[in-house]
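A.B. asks: Please read through the structure below; I'll follow up with questions.
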Amino acid sequence: MPTRLIIDGYNAINKIKELEAKRDISLEVSRMYFINILLDFMSRKRMFDKISIVFDSREKVLGVRRYSYGAIEVLFATYDKDADSVIADLLRDASRGDWISVASDDNFVRNHARVYGSDVLSIRRLREIIMLKKKAPGSKIKHKEVSTDKINKINEELKKHWGLD
């Protein structure tokens, strides 16, 4: 049975402290950092077959813009629809055999997820699932902070590699 996680993108960015700190640099940096966290999560743990992150957008075009990063799909709702409505559409259009979890603290999104029989995760629970744990006492794993400049350089290299420039 296919498993999918749908994330209310800006809801998560505004509530996960590691992402919120990146938002002070720019929304794009925050989004790319979030995608990198999810890519790392997917490489460590195959809890979901696919992750969809849905963001609002102010673009004056019809439809939904989609970008793919392996098993991670990023969707931007355009001016005719907000991200919450796009999430509701994804839930309505999902196959009956799909197992879907929705991560959001927005009541509209959470209520639609329940109506369509999906599991609902709070953003706090999502953070617990996807974030790397800090070094435990006595652990041989060392946590290394990465500078903002280094993150920006890595993101630029990834954009070039993925043909997003």
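A.B. asks: Based solely on its DSSP helices, what 222 nm [θ] is calculated for the chain when runs of n ≥ 4 H residues each add -39,500 (n - 2.57) and the sum is averaged over all residues, nearest 500 deg cm²/dmol? List each step's numbers first, then the result.
C.D. replies: Details: 7 runs with 72 residues, N = 165.
Taking each H run of at least 4 residues, the total per residue is -13000 deg cm²/dmol.
A.B. asks: For the chain, which longest stretch is free of loop sites, where a loop site is one of the chymotrypsin sites (Phe, Trp or Tyr not before Pro) that DSSP puts outside H, G, I, E and B and that has at most 12 other Cβ atoms within 10 Å? Write down the numbers at each step before the final one.
C.D. replies: Numbers: sites that count: 79, 162.
Here the longest run is 80-161.
A.B. asks: Right, another one. Restricting to Cα pairs below 8 Å that are 6+ residues apart, what does the relative contact order work out to for the chain? Please round to a whole percent.
C.D. replies: 24
A.B. asks: While we're on this one: Please compute the length gained on full extension between residue 160 and residue 25, using 0.36 nm multiplied by the number of residues separating them and subtracting their Cα-Cα distance.
C.D. replies: Numbers: separation 135, 0.36 × 135 = 48.60 nm, distance 2.04 nm.
Working it through step by step, the gained length comes to 46.6 nm.
A.B. asks: Same structure, new question: Label residue 81 and residue 96 with points 7 Å out from Cα along Cα→Cβ: what is the distance between them in nm?
C.D. replies: 2.3
A.B. asks: Here's another thing I want to ask about it. Using each residue's phi in region 105-115, evaluate 6.51 cos²θ - 1.76 cosθ + 1.60 at θ = phi - 60° and report the 3J(HN,Hα) Karplus result to the nearest Hz, with x for Gly and Pro.
C.D. replies: 10, 7, 4, 4, 5, 4, 5, 5, 4, 5, 4
A.B. asks: Another one. If I fit a long axis through the Cα atoms of helix 148-161 and take the longest principal axis of the Cα atoms of the chain, what angle between them do I get, 0 to 90°, rounded to 10?
C.D. replies: 60
A.B. asks: Continuing with the same structure: Could you compute the FRET efficiency for residue 147 and residue 14, with r as their C-beta to C-beta distance and R0 at 25 Å, rounded to 0.05?
C.D. replies: 0.60
A.B. asks: With axes computed from alpha carbons, what is the tilt in degrees of helix 27-44 against the longest principal axis of the chain, rounded to the nearest 10 within 0 to 90?
C.D. replies: Between helix and principal axis, roughly 80 degrees.
A.B. asks: Here's a follow-up. How large is ³J(HN,Hα) for each residue in region 46-53, as worked out from phi by the Karplus curve 6.51 cos²θ - 1.76 cosθ + 1.60 (θ = phi - 60°), to whole Hz, x for Gly and Pro?
C.D. replies: Working through the residues one at a time gives 8, 7, 10, 7, 8, 10, 10, 10 Hz.
A.B. asks: Right, something else. Any number yet on Rg/Rh for the chain, C-alpha, Kirkwood?
C.D. replies: 0.97
A.B. asks: Continuing with this model, one more query. Hey, what do the phi angles of region 16-23 turn into as Karplus ³J(HN,Hα) couplings, whole Hz, using 6.51/-1.76/1.60 and θ = phi - 60°, x for Gly and Pro?
C.D. replies: Going residue by residue, I get 9, 4, 5, 7, 4, 5, 6, 4 Hz, with x marking Gly and Pro.
A.B. asks: Another question about this same structure. Over region 1-82, with a single point scatterer placed on each C-alpha, what log10 of the ratio I(q)/I(0) does the Debye formula yield at q = 0.10, 0.22 1/Å?
C.D. replies: Each listed q maps to, in turn, -0.25, -1.08.
A.B. asks: Of all trypsin sites (Lys or Arg not before Pro) in region 55-115, which ones are in loop regions per DSSP and have a Cβ with at most 12 other Cβ atoms within 10 Å?
C.D. replies: The qualifying sites are 58, 60, 96.
A.B. asks: Work from the charge dipole of the chain (Cβ charges, +1 for Lys and Arg, -1 for Asp and Glu, about the Cα centre) and give the residue of 146, 6, 118 farthest towards its positive end.
C.D. replies: Of the options given, the answer is 146.
A.B. asks: Cα axis of helix 83-93 to longest principal axis of the chain: angle in degrees, 0 to 90, nearest 10?
C.D. replies: Tilt of helix 83-93: around 60 degrees.
A.B. asks: List every residue whose amide H lies under 5 Å from the amide H of residue 121, counting only residues 5 or more places away in sequence or on a different chain, with H placed 1.01 Å from N in the peptide plane.
C.D. replies: Amide H neighbours of residue 121, under 5 Å, 5+ apart: 102, 103, 104.
Each value in this text was obtained by applying a stated rule to the coordinates, not by laboratory testing. The model shown is predicted, which means the values in this text are computed figures rather than measured ones. A quick note on method: Cβ atoms are made from the backbone with ideal geometry, for glycine too, and the neighbour counts reach across all protein chains shown.
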